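Q: Sending over a structure as structure tokens; questions will come in a sec.
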Amino acid sequence: MVTAVLTGADSPLGLRVADLLADDAIDVVLLDETIHPVSSSPSVELPDSADVVIDVGTSDYDRRAHRRESASEFVTSSLAAADRFSADQLVFVSSALVYGAAPNNPKPLTEDAVLRPDVEFVFARQLASAEELVDEWRRARSGRVTSVLRPVLALAEGDSSRLAAALVSGLGHRIAQDDPPSQFLHLDDLAAAVALAVRSRLDGVFNVAPDGWVPGERVRALSGERPRFPMPERLSEVVASLRWRFQRGPLPPGLRSYTREPWIVSNGRLRDAGWKPTVTNEQAYVEATEAPWWTMVSPKRRQELTLGGAVLGSVLFTTVAFVVGRRWVRRRRRRRVS
């Protein structure tokens, strides 16, 4: 009987992983965000030893932000738990964000690519540092195995994190500019990758992503973004900033680069290990996002509405200009008479 300790278990991903491991007849001990047993855990009492420690909490952006705790702090607790239970395997869920987004990124990125997280995005840099700590733990004693998973945006209906939601909102919405390709992973497939890492004792770094990617123009179509109008680059930057600030909330510092440059990854290595995605990029995106009402309108009707809106806008602009101009002329006349 294999015993697994799951840290950060009280989360959408953690619950999925626990169910899969239980189906594999693996004894699972669930530890919450404070590294204490979860009340619903099958094994509330901590065992003397465990075969593997699974960390799904370090990369949980929402929980780390809520607790005002860095990713590096949480992984340290997980490593301490691995030492406490004398585990010889650690499965660590990181993120493909550690690669960074850059115009010269190869498409797709492999596990051998240099990590270049955005210097302004603290969370991505913390995850990169956490991976270094995991590697140090592995090298500290012979026979240890570490499985580092780097998933792309992981989504699920009702279970997407605020970080994932912010990135999804930013993708495909640039004004008068081309958008980068994107990848969207279902949480069920990520949980299956974690379970595979435990069962097969995967050793090394593995990207987790569906097959292929979604072109920028297709992401725009799926998002139902309204038609774009050409405008100068500087003006488009101002408009985009205002939209983020007043309509969708500000992006975390440094995250905007991930909506502007590519950071898609290859899943070849994990596929060779026996993992297969069950949900496509587009299916994951559609399930986790709510389509705007105008995506249900036919293209012809949408064109008519756009044209009608443009005409109405022109009429309103002309009317306002006429009224303002008329008042200005009247004031000028009154001043001359007085």
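Q: Identify all residues within the stretch 67-105 that are in contact with a Leu (Cβ under 6 Å, 6 or more places away or on another chain) and open to solvent by 10 Å² or more (accessible area, probe 1.4 Å); write none if there are none. Spell out how you get there, then give the answer.
A: Keep residues of the stretch 67-105 that are in contact with a Leu (Cβ under 6 Å, 6 or more places away or on another chain), which gives 71, 75, 82, 93-95, 98-99.
SER95, the sole residue that qualifies.
Q: Looking at (1) in a helix (DSSP H, G or I); (2) surrounded by 16 or more Cβ atoms within 10 Å (Cβ to Cβ); (3) modelled with pLDDT of 90 or more, can you tell me which one GLU111 breaks?
A: Checking GLU111 against (1) in a helix (DSSP H, G or I); (2) surrounded by 16 or more Cβ atoms within 10 Å (Cβ to Cβ); (3) modelled with pLDDT of 90 or more, the one that fails is (1).
Q: Further question: Inspect the stretch 134-146 for any residue being modelled with pLDDT of 95 or more and under 21 Å from ASP62 (Cα atoms) and give the result as yes or no.
A: Checking the stretch 134-146: not a single residue is modelled with pLDDT of 95 or more and under 21 Å from ASP62 (Cα atoms).
Q: Looking only at residues in the stretch 114-133 that are free of Cβ contacts under 8 Å to residues at least 60 places away in the same chain and assigned to a loop (DSSP other than H, G, I, E, B), which one is least open to solvent (accessible area, probe 1.4 Å)?
A: Only one residue fits best here, namely PRO117.
Q: For residues that are open to solvent by 10 Å² or more (accessible area, probe 1.4 Å) and at pLDDT 90 or above, tally how many sit in the stretch 3-18. Even if it seems obvious, please write down each step before you answer.
A: Taking the stretch 3-18 as the starting set, the residues that turn out to be open to solvent by 10 Å² or more (accessible area, probe 1.4 Å) are 3, 10, 12-13, 15-16, 18.
Imposing the further condition that a residue be at pLDDT 90 or above reduces the set to 3, 12-13, 15-16, 18.
Of the residues in the stretch 3-18, 6 are open to solvent by 10 Å² or more (accessible area, probe 1.4 Å) and at pLDDT 90 or above.
Q: Still on this structure, please answer the following. When you scan the stretch 136-158, how many residues do you find that are surrounded by fewer than 20 Cβ atoms within 10 Å (Cβ to Cβ) and assigned to a strand (DSSP E or B)?
A: 1
Q: If only one of ARG271, ARG226 is part of a loop (DSSP other than H, G, I, E, B) and either in contact with a Ser or Thr (Cβ under 9 Å, 6 or more places away or on another chain) or at pLDDT 95 or above (or both), which one is it?
A: On the way: ARG271 fails: part of a loop (DSSP other than H, G, I, E, B).
Of ARG271, ARG226, the one residue that is part of a loop (DSSP other than H, G, I, E, B) and either in contact with a Ser or Thr (Cβ under 9 Å, 6 or more places away or on another chain) or at pLDDT 95 or above (or both) is ARG226.
Q: Are any of the residues in the stretch 89-102 assigned to a helix (DSSP H, G or I), in contact (Cβ under 8 Å) with a residue 60 or more places away in the chain, closer than 22 Å to LEU31 by Cβ and touching a Phe, Trp or Tyr at 6+ places or on another chain (Cβ under 9 Å)? Spell out the reasoning first.
A: Let us first name the residues in the stretch 89-102 that are assigned to a helix (DSSP H, G or I), namely 96-99.
Then keep just the ones that are in contact (Cβ under 8 Å) with a residue 60 or more places away in the chain; that gives 96-97, 99.
Filter again for closer than 22 Å to LEU31 by Cβ, leaving none.
No, the stretch 89-102 contains no residue that is assigned to a helix (DSSP H, G or I), in contact (Cβ under 8 Å) with a residue 60 or more places away in the chain, closer than 22 Å to LEU31 by Cβ and touching a Phe, Trp or Tyr at 6+ places or on another chain (Cβ under 9 Å).
Q: Next question. Are there any pairs with C-beta distances below 7 angstrom linking a residue in the stretch 192-210 that is over 13 Å from VAL148 (Cβ atoms) to a residue that is among the charged types (D, E, K, R) and surrounded by 15 or more Cβ atoms within 10 Å (Cβ to Cβ), with the two at least 6 apart or on different chains, and if so which?
A: none
The values are calculated or read from the model by the stated rules, or taken from the named source; none is laboratory data. Here the structure is a predicted model, which is why all the values come from computation and not from measurement. All Cβ positions, glycine included, derive from the backbone under ideal geometry; neighbour counts span all protein chains shown. Note: accessible area is taken over every heavy atom of the protein model, side chains too, but ligands, DNA and RNA are not part of it. Shrake-Rupley method; radii C 1.70, N 1.55, O 1.52, S 1.80 Å.
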